[in-house]
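Student: Provided herewith is a single structure, encoded as structure tokens, for subsequent inquiry.
Every number here is computed from the coordinates shown, using simple stated rules; none is lab data. This one's a predicted model, so the numbers in the text were calculated from it and none came from an experiment. Glycine gets a Cβ as well: all are built from the backbone with ideal geometry, and neighbour counts include every protein chain shown.
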Amino acid sequence: MKKHILFIWLFIAITPSIIAQETSKAKEKGHTDQNKFRQMYDLLATPNSYRTASGAPGPDYYQQQADYKIDIELDDKNTKLYGTETITYTNNAKESLDYLWLQLDQNIAARTSKTPLVDNSKIDPSISAAGFSRKYLEAKFDGGFKLDYVKDAKGNPMSYTVNETMMRINLDKPLQHGEKIVLNIKWNYNINNYMIDGGRSGYEHFKDGNNLYILAQFYPRMAVYNDVEGWQNMQFWGAGEFALTFGNYEVNITVPADHIMEATGVLQNRSEVFTPEQLKRYNQAENSFDKPVIIVTQAEAMAAEKGFSAKKKTWRYKAENVRDFAISTSRKFIMDAMAVQFETKKAMAISLYPKEGNPLWETYSTRAVAHTLKSYSSHTFEYPYPKAVSVNAQDQGMEYPMICWNFGRPQEDGTYTDRVKYGMLGVIIHEVGHNYFPMIVNSDERQWTWMDEGLNTFLQSLAQATFDPKFPIDRGPAKNIVPYMSGDQSKLEPIMTNSESISQFGNNAYGKPATALNILRETIMGHDLFDYAFKTYANRWKFKHPTPEDFFRTMEDASAVDLDWFFRGWFYTTDYTDIGIKEVKQFFVSNDPPKDFKAPEVTRRNRLKASGPLVYMIANDSPDFKPEMNKPLDIKSVTALDEFIQTKFTAEEKAKLDSPKYFYQVTFNKPGGLVMPIIVELSFEDGTSETQTFPAQIWRFNDAEVSRMFATKKPIAKITVDPKLETADIDTTNNVWPKAEVKSKFD
Amino acid sequence: MRKTLGFIIIFVVLSGFGWHKFYVSIFQLHHSPDKKRLEITTRLFVDDLNKALQDHYHQTTHLGEETETAADIALMNRYLAENFTIEVNGQKKSFAFVSKELDNNVLVGYYKINDIPKIKSLKILNTVLTQTYAEQQNMIQADFNGKKQSLLLTAEKTSGVLK
């Protein structure tokens with residue numbers, strides 16, 4: 001049977017090209033393989049022993065290690081931070097390193113920063129006095145690291161060169177494979193008020209005189225060296241986030257004695273920084289799996305925020321196998337926490353918020369953290385860190401290992417709209433979710449924003465749907481990306497575009513890849529194949545540095561679903577989906593040959609179809625069509641067919657024969673550049689319907705137009721392409737036959 | 001104060017975010033030569049719209065809720081007429097409200113301007129929500145004479161011309 005189908009295919013495929021050759025006169029140019037299903041050899045890096053063709057790390061895969069011991073002190077009065085650190089860097093690459101690169105991210109806020117200089121600026125026709133003053137008169141914020149020294153293990157000064165946000169340590173002799181080097185660095189910087197000067201860290205100043213600090217990128221950090229980029233030392237311009245090396249941290253943080261703090265890692269001296277009462281409540285929280293326990297109460301926080309203690313306290317943290325470290329501290333903080341049980345271990349879900357965040361935060365934050373960890377773990381791996389903290393920081397949404405900053409506050413009177421509530425829940429789920437991508441599955445954000453944002457936004461949409469069935473899900477469902485993908489092409493870039501060159505960041509790096517994954521799971525692969533492959537990717541690359549190729553290859557390698565066409569179209573182009581119905585013809589089976597019919601010559605190839613008594617298929621638009629033909633097939637009235645059946649089959653066999661009554665030929669066209677499956681809903685006159693799906697590969701011989709025949713028992717009243725809007729089809733007016741009087745919304 | 005906030009926002013946008021707040025409205029303008037009219041679809045977050053009406057007219061509205069009234073819709077249309085103006089071929093035209101519906105938490109409004117056989121230019125002035133949210137972005141997607149074009153309007157750039 002399969003052989004015959006193949007023959008027919010060959011016939012169909014070859015015939016038109018022969019005709020084309022005979023009729024065309026102008027000589028055409030040749031071309032390379034432009035088939036949308038060609039494999040991605042032209043786009044993907046060649047696999048090697050570091051990264052295999054299966055998408056897994058290869059036998060020679062390595063990554064560097066950077067361990068930190070950091071002491072910092074916060075000067076709350078002057079909003080300044082002082083630090084010293086000892087970095088122990090291990091070179092696991094087989095090659096030696098002539099120099100080392102460190103990241104000085106704070107320098108983006110230095111007065112000499114080039115970031116403001118690469119933006120277009122025009123004169124505002126009108127501007128507020130305050131705005132004018134800020135723009136033209138006032139001194140710019142004096143940000144950026146002020147380095148006191150860089151010394152080696154013995155305390156001797158090391159030679160270094162600062163290039164904007166990057167610092168090169170000039171080594172006396174190359175660092176060999178397996179060798180460690182120790183760097184001692186001392187620095188300080190002015191902390192930015194992020195509400196005025198922007199940034200992913202800094203402080204928020206309250207009317208009561210207090211500051212709420214969210215400290216990150218606060219220390220010189222090792223850049224990533226790997227087999228793909230060498231040193232990833234692309235400057236920090238602002239949009240492309242971070243590429244960071246894994247390591248172990250010991251961090252001592254000295255702050256005013258009345259502050260409450262959370263940070264990456266495990267607190268080593270809780271009894272020194274908590275009151276006995278708070279300690280007791282924390283112990284209760286460690287065993288509370290169903291609801292949060294308040295550890296620092298609102299009353300305690302309100303008392304503390306009036307204090308402005310001149311005394312100091314040091315909080316000591318240790319963190320293992322993290323790529324970064326962040327801190328949040330303020331005397332305004334209320335704290336609550338609960339425990340989350342996983343299969344083999346448990347973790348703490350914790351929230352920190354000022355009273356201005358209540359009643360919203362005490363009601364939702366910690367529960368959302370716990371839910372996120374459970375939901376994400378079910379799609380990836382058991383959450384390996386001991387805790388996840390959600391901090392309420394106005395206007396922020398930013399992730400670090402085990403801790404993140406999230407916006408969302410009620411009005412002053414404590415009321416809030418659904419938008420504020422779901423906005424806050426959405427950002428908490430999103431930022432806590434970033435623990436998986438990119439904190440643990442540590443992709444290079446400086447190069448590819450979508451690798452963490454897209455995957456994370458996809459998992460976020462799954463977690464939101466299970467948190468609350470009424471959760472409005474903006475990014476993920478196919479139809480929501482249509483306004484973006486159908487937009488002006490000059491404002492679109494492929495997903496595979498460097499983080500700094502994306503014009504619609506949210507749509508390109510978050511929304512579109514999340515939608516693509518959603519479509520893979522719901523429509524192309526199905527839950528089982530997708531979930532296994534996605535989990536394989538997460539587990540292969542947890543605590544490692546994956547590239548886009550590793551993701552694309554794993555998804556295909558673990559599922560046996562050819563996805564080159566999908567990744568090529570969705571990730572490497574700005575093409576969109578638009579599939580329509582061009583034409584529908586109904587056919588009737590007849591005894592009588594059409595006029596001018598010439599029986600085809602019977603050959604070895606067509607003998608099964610063309611020899612013996614023939615029956616004829618007459619289209620409803622052909623001159624041979626007569627009104628009396630317009631009725632369901634009754635085999636008895638088609639003599640040749642009836643005789644064949646009577647002689648060929650026994651009564652028992654006849655009972656098993658199918659009995660189609662209506663025959664249709666549907667031609668689908670594809671104005672859109674993306675190839676996608678054709679999902680066809682046949683609605684019958686009796687009100688029932690059935691859906692048939694033709695894989696995307698149906699477009700492999702003709703990217704513009706394909707046909708299918710449908711033999712049905714009931715007359716078709718309506719045919720709809722993509723009835724559930726699952727392919728992001730940008731124009732659904734051509735999706736329906738008979739061409740619906742598109743009821744214009746404007747009549 | 002609001003303008004200052006506007007400034008801050010430019011900076012924040014410039015320095016990027018781990019999470020993008022969705023202060024984006026979409027205004028789709030489609031010209032139908034057959035029906036000789038300009039069809040306008042507005043997509044605005046319904047919460048934001050209620051807040052803007054509160055800020056602007058000091059009236060509490062319940063758009064998108066069960067308690068929504070005809071007066072709420074009228075106020076929304078007045079707000080849009082005051083903050084979204086369209087000049088077709090150099091002439092200011094007012095648009096007529098056709099209908100509206102709720103899609104998730106987005107209020108989708110349908111409006112039209114009749115008697116437009118041909119468009120040579122469209123001038124858009126849009127301050128919808130920009131005084132309520134300094135970081136508001138209004139995406140104008142126009143489709144006329146067989147050409148798709150877009151404009152991104154903000155508190156700083158409130159108008160633009162499409163040809």
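Student: Can you give the FRET efficiency for B:ARG78 and A:GLU628, using 1/(1 + (r/R0)^6), R0 = 41 Å, r = Cβ-Cβ distance, to the nearest 0.05? Please list the in-between numbers first.
Tutor: Values: r = 63 Å, r/R0 = 1.53.
Between B:ARG78 and A:GLU628 the formula returns 0.05.
Student: Taking R0 as 51 Å, what FRET efficiency do you get between B:SER121 and A:ASP468 from their Cβ-Cβ distance, rounded to the nearest 0.05?
Tutor: The formula returns an efficiency of 0.65 here.
Student: Please name which of B:LEU49, B:LEU80, B:HIS62 has its Cα lying farthest along the dipole of region B:2-162 towards the positive end, using unit charges on Cβ (Lys, Arg +1; Asp, Glu -1) and the Cα centre as origin.
Tutor: Ranked along the dipole, the leading option is B:LEU80.
Student: If I model a spin label at A:GLU343 and A:LYS311 as a point 7 Å from the Cα along the Cα→Cβ vector, what separation in nanometres do I get?
Tutor: Result: 4.8 nm between the two label points.
Student: Could you work out the helix-only [θ] at 222 nm for chain A, with each DSSP H run of four or more residues adding -39,500 (n - 2.57) and the total divided by the number of residues, to the nearest 500 deg cm²/dmol? Mind dumping the intermediate values first?
Tutor: Details: 17 runs with 172 residues, N = 747.
After summing the helix terms and dividing by the residues of chain A, the value is -7000 deg cm²/dmol.
Student: Oh, and also: Computed FRET efficiency, Cβ-Cβ of A:LEU614 and A:ASP562, R0 35 Å: what is it to the nearest 0.05?
Tutor: E between A:LEU614 and A:ASP562, to the nearest 0.05, is 0.35.
Student: Roughly what % antiparallel, to the nearest 5, for the DSSP beta bridges in the protein assembly as shown?
Tutor: The antiparallel proportion sits near 85 percent.
Student: Using the Cβ atoms and a cut-off under 10 Å, what net charge is assigned to the surroundings of A:THR547, where Lys and Arg are +1 and Asp and Glu are -1?
Tutor: Neighbourhood net charge equals -3.
Student: Using helices alone, what [θ] at 222 nm do you get for chain B, with -39,500 (n - 2.57) per DSSP H run of 4 or more residues, divided over all residues and rounded to the nearest 500?
Tutor: Helices in chain B give a 222 nm mean residue ellipticity of -8000 deg cm²/dmol.
Student: Quick one: dipole size for region B:54-110, taken about the Cα centre, charges +1 on Lys/Arg Cβ and -1 on Asp/Glu Cβ, in debye to the nearest 20.
Tutor: Details: 4 positive and 9 negative charges, 79 e Å.
My answer is approximately 380 debye.
Student: Pick out, from A:ALA509, A:ASN702, A:ASN156, the residue whose Cα sits farthest towards the positive end of the charge dipole of the protein assembly as shown, with +1 on the Cβ of Lys and Arg and -1 on the Cβ of Asp and Glu.
Tutor: Final value for the positive-end residue is A:ASN702.
Student: Name the GluC sites (Glu not before Pro) in region A:651-719 that are in a loop by DSSP and that have at most 14 other C-beta atoms within 10 Å, would you?
Tutor: A:GLU685
Student: Please give the contour-minus-distance gain from A:ASP142 to A:GLN268: 0.36 nm per residue of separation, less the Cα-Cα distance, rounded to one decimal in nm. Working shown, then result.
Tutor: Numbers: separation 126, 0.36 × 126 = 45.36 nm, distance 3.44 nm.
Net length gain for the segment: 41.9 nm.
Student: So how far apart, in nm, are the two label points at A:SER121 and A:ALA651 if each is 7 Å from Cα heading toward Cβ?
Tutor: In this crude spin-label approximation the distance works out to 9.5 nm.
Student: Could you give the length gained on full extension between A:GLN665 and A:LYS724, defined as 0.36 nm per residue of separation minus the Cα-Cα distance, in nm?
Tutor: 19.0 nm
Student: OK, next. Collect residues whose amide H, placed 1.01 Å from N in the peptide plane, falls under 5 Å from the amide H of A:MET166; neighbours closer than 5 in sequence don't count.
Tutor: For A:MET166, whose amide H was placed from the backbone, the distant partners under 5 Å are A:LEU104.
Student: Would you list which lysines come within 17 Å of A:LYS631, measuring only between C-alpha atoms, while excluding same-chain residues fewer than 8 positions from it?
Tutor: Answer for A:LYS631, where 17 Å is the Cα cut-off: A:LYS585, A:LYS661, A:LYS713, A:LYS714, listed by chain and number.
Student: Can you pull the one-decimal nm distance between simple spin-label points at A:TYR149 and A:ASP488, each 7 Å off the Cα toward Cβ?
Tutor: 5.7
Student: Next question, about the same structure. How fast does region B:91-163 diffuse by Stokes-Einstein, in µm²/s, taking the Kirkwood radius from C-alpha pairs at 20 °C and 1.002 mPa s?
Tutor: Estimated via Stokes-Einstein, D reaches 153 µm²/s.
Student: Hey, any idea what Rg/Rh is for region A:65-214, computing Rh the Kirkwood way over Cα pairs?
Tutor: When Rh is taken as the Kirkwood radius, the ratio is 1.07.
Student: Compute the distribution of all C-alpha to C-alpha distances in the protein assembly as shown, in bins of 20 Å from 0, and list the percent of pairs in each, rounded to whole numbers.
Tutor: 12, 39, 32, 13, 4, 0
Student: Using +1 at the Cβ of each Lys and Arg and -1 at the Cβ of each Asp and Glu in region A:496-613, identify which of A:ASN498, A:MET555, A:PHE587 lies farthest towards the dipole's positive end.
Tutor: Final value for the positive-end residue is A:PHE587.
Student: Grab the other residues whose beta carbon is less than 13 angstrom from that of A:GLN692, score K and R as +1, D and E as -1, and report the net.
Tutor: -2
Student: Whole Å is fine, so just give me how far the alpha carbon centre of region A:620-666 lies from that of region A:371-423.
Tutor: So the separation of the two Cα centres works out to 64 Å.
Student: Please give the per residue volume of the convex hull enclosing the alpha carbon atoms of region A:441-573, rounded to a whole number of Å³.
Tutor: So the per-residue Cα hull volume is 104 Å³.
Student: Listing A:VAL391, A:VAL615, A:VAL441, A:VAL296 from the residue with the fewest other Cβ atoms within 10 Å to the one with the most, what is the order?
Tutor: By the 10 Å Cβ count, ascending: A:VAL615, A:VAL296, A:VAL441, A:VAL391.
Student: Next question. What residue among B:GLY146, B:GLY64, B:GLY90 shows peak mean-square fluctuation when chain B is described by a Gaussian network model with Cα springs under 10 Å?
Tutor: B:GLY146
Student: Here is a follow-up. Taking the alpha-carbon set of region A:579-747, what are its Rg and Dmax in Å?
Tutor: 18.8, 61
Student: Here's something else I'd like to know. If you place +1 on the Cβ of every Lys and Arg, -1 on the Cβ of every Asp and Glu, and leave all else neutral, what size is the dipole of chain A about its Cα centre, to the nearest 20 Debye?
Tutor: Dipole about the Cα centre, nearest 20: 540 debye.
Student: With 18 Å as the limit, write out which pairs from A:LYS94/A:LYS180; A:LYS582/A:LYS670; A:LYS718/A:LYS745; A:LYS582/A:LYS739; A:LYS80/A:LYS306; A:LYS421/B:LYS157 have Cα-Cα distances beyond it, or answer none.
Tutor: The answer is A:LYS718/A:LYS745; A:LYS80/A:LYS306; A:LYS421/B:LYS157.
Student: As I understand it, the value is the acute angle between the Cα axis of helix A:360-379 and the longest principal axis of the Cα atoms of chain A; what does it come to in degrees, rounded to 10?
Tutor: Roughly 50 degrees, rounded to the nearest 10.
Student: Quick one: 3J(HN,Hα) in Hz for region A:514-527, Karplus 6.51/-1.76/1.60 with θ = phi - 60°, rounded, Gly and Pro as x.
Tutor: The phi angles translate into 5, 5, 4, 5, 4, 5, 4, 6, 7, 10, 8, 9, x, 4 Hz.
Student: What area, in nm² and to one decimal, does the C-alpha convex hull of chain B cast on average over all directions?
Tutor: Projected area, direction-averaged: 10.3 nm².
Student: Tally Lys and Arg at +1 and Asp and Glu at -1 over the other residues with C-beta under 13 Å from the C-beta of A:GLU556: what net charge comes out?
Tutor: -3
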